[in-house]
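The numbers here are math on the coordinates, done by the rules we state, and not lab data. Owing to the predicted nature of the structure, the values given are computational and were not obtained by experimental measurement. For neighbour counting, all protein chains shown are included, and Cβ atoms are generated from backbone atoms with ideal geometry for every residue, glycine included.
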Amino acid sequence: MGMTVVEKILARASGQAVVKAGDVLEPKVDLAMSHENAALVVNQFLEIFKDTGREARVWDPSRVAIIFDHRVPAESPKTATNQKKVREFVARHMISKFHDIRGDLGGICHQILPESGYVRPGAVVVGTDSHTTSHGALGAFSFGIGATEMASVWTLGYAVNIEVPATIKVVVHGAFPQLVGPKDLILHLIGRISSQGANFRVIEFHGETIRAMSTSGRLVICNMSVEAGATSGIVPADQETVTYLREESGVTDPLDLVQPDEDAVYVQTVTIDVSKLEPQIACPHSVDNVKPLGAVVGIKVHQVVIGSCTNGRLDDIEVAASLLRGKKVARNTRMLVFPASGRIYQRALERGYIADIMRAGAVVMNPGCGPCLGVHEGALGDGEVALSTTNRNFKGRMGNPTADVYLCSPAVAAASAVAGMIADPRKGA
Amino acid sequence: MAQVVFVVGDDISTDVIYPGRYMATVLPTETPQFAFIDDAEFNGRLRNRQVSPGSIIVAGSNFGCGSSREQAVSTLKGHELIIVARSVARIFMQNAINLGLRLVVAPGITAAVGDDLVIESDRVLNNTSGAMFPIEALPRARQAIVDSGGLIAYTRKRMLEHPAL
């Protein structure tokens, strides 16, 4: 009986020849990522060692990554103090993969990890962030865990008692219509299988549409796999992965492009043809409340957001700039754009995208999680409507439980900012 | 026997249980004040200690979906609440087991505020309505952590099995 990609990765990481869904393993961890919530991880980590007579030591400081992104720069003394404590821990334990608040090396963890070459195909990656699923885009098994579980990983170097998840195979055919792309695909999939359709499962992506997709697009679909409940999304690594890691991330060592066996066992197969896919919108207050754009065109929007670990990459900013060039954001609508990393921000500057976006009236913010989770900036007023390229629209997500959040692609977001209402980018705003 | 004090529907996210704007508060001793804070009535009852420890929240499917923030578990654990849900999102379930929040998955559960439930090893009995609901076992991989009293104790034990570095 053959194995899926994740089964192969877990077999290697736990020193076994064959594993299958339902097996209980303790896989070695290749990379353990946290953001500001490292403050809680540190607390739990020290708790593990308390009264044991042992010195608190991270199993392998070179495999720990900490990236500040949720509240950058700090919005309160409390956050600043948490960040200060984490900085002190990083220095004491000699954690090298640390990205502080910086214009060159800073940014959102789910962009920093791939662009810095921290993730390789076949790796086991854990992160104290649910969107850690993103790194499946590079053929890694990458999943979100809580802070206490991370403290356990920091101590032991492996994840305790992991049950091998069953895998759903998603096969995608066809070429995307113009101004339709990976965000529309993943919203469509979530709408189809529901917000819990992949709970405790992995989504493995196949088909010529995925093969033709850039790593940036693959990061979008793996990122949002968690919105269907998935433990992880994963794209089996291929030549695109190699090209990305060599050219973008500067990785030079050999890469193991783990592939599923021909006779791998899948719990479910979903086939999607994108050649006639409409732009998709997730409506309040659930990510699986997905409708084709036509059903919601005309809804007035007060705030448009482009950015986040889902859609803050250069191609996202490029399409937004192309639709905003020479136009103006509508009166009574405000538009916020936040690039996913300092590197992306600088490239967008060099290519003139930032100028296009600012001339149109949008506010360009520093890289970070920004308004996505309502902790830092870009809060919504009572009863306001936001249209956003981020990943969640739960009640209260952007900080105000009386506001509505709609999710969409960067193209729909940009066209709608100009129109002041949800609009179709294919019709010229 | 324990009383149902709060009933919620499907897809209750961690943004609802513990909104992101309180995420700078991390310590389990400090998070309980913000439980379900956007529901002023229920949060008020929790803060004013009008909800006794061991009371039950009944939830629909996919409870705790969304963010991996552990505060969403520690905030409920701080009030010693018991969650009886139709299903639970993966990370929330792991966090609950790791922190010792009592969590029961009963796929058919129906109950109203004020109902009395009896939680047995394999079923939940609603004493008020007379209905019984089978319990789905936790992922077996996690039982060792529950048996150890949570992940901190379990990890400490596993660490001490290795010689000190």
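A few comments on the model shown:
- Subset of A:Lys84/A:Lys183; A:Lys8/A:Lys183; A:Lys28/A:Lys291; A:Lys169/A:Lys276; A:Lys84/A:Lys328 violating a 31 Å alpha-carbon distance limit: A:Lys84/A:Lys183; A:Lys28/A:Lys291; A:Lys84/A:Lys328
- Residue among A:Ala386, A:Met335, A:Ser322 farthest towards the positive dipole end of the stretch A:308-394, charges placed on Cβ: A:Ser322
- Amide H contacts under 5 Å for A:Asn289, placed H, 5+ residues apart: A:Cys283
- Antiparallel DSSP beta bridges within the stretch A:280-427, percent to nearest 5: 25 percent
- Cα-Cα pairs of the stretch A:313-429 separated by more than 21 Å (percent): 33 percent
- What you get for the stretch A:280-427, charging only the Cβ of Lys and Arg (+1) and of Asp and Glu (-1), is a dipole of about 300 debye around the Cα centre.
- Approximating the spin labels as points 7 Å out from Cα along Cα→Cβ, the A:Asp23-to-A:Gln239 distance works out to 3.3 nm.
- Backbone HN-Hα couplings from phi across the stretch A:60-77 [Karplus 6.51/-1.76/1.60, Hz, Gly and Pro as x]: 7, x, 6, 9, 9, 10, 10, 10, 7, 8, 6, 9, 10, x, 3, 8, 8, x
- Segment A:Ala175-A:Arg359, extension gain: residue separation times 0.36 nm, minus the distance between their alpha carbons: 63.0 nm
- 13 Å reach of a label modelled at A:Lys78, 7 Å along Cα-to-Cβ, counting backbone N of the stretch A:390-429: none
- Where trypsin sites (Lys or Arg not before Pro) fall in DSSP loop in the stretch A:1-50, at most 16 other Cβ within 10 Å: A:Lys20, A:Lys50
- Potential lengthening of the chain between B:His162 and B:Ala40 amounts to 39.1 nm, from the contour at 0.36 nm per residue minus the alpha-carbon distance.
- Debye log10 I(q)/I(0) for chain A, one point scatterer per Cα, at q = 0.09 Å⁻¹: -0.53
- Overall Cα dimensions of the stretch B:2-136 - principal axes, largest extent first, Å: 43, 31, 22
- Nearest-0.05 FRET efficiency for A:Arg57 and A:Lys291, computed from C-beta distance (R0 56 Å): 0.60
- Positive-end residue of A:Val125, A:Val287, A:Pro77, charge dipole of chain A with Cβ unit charges: A:Pro77
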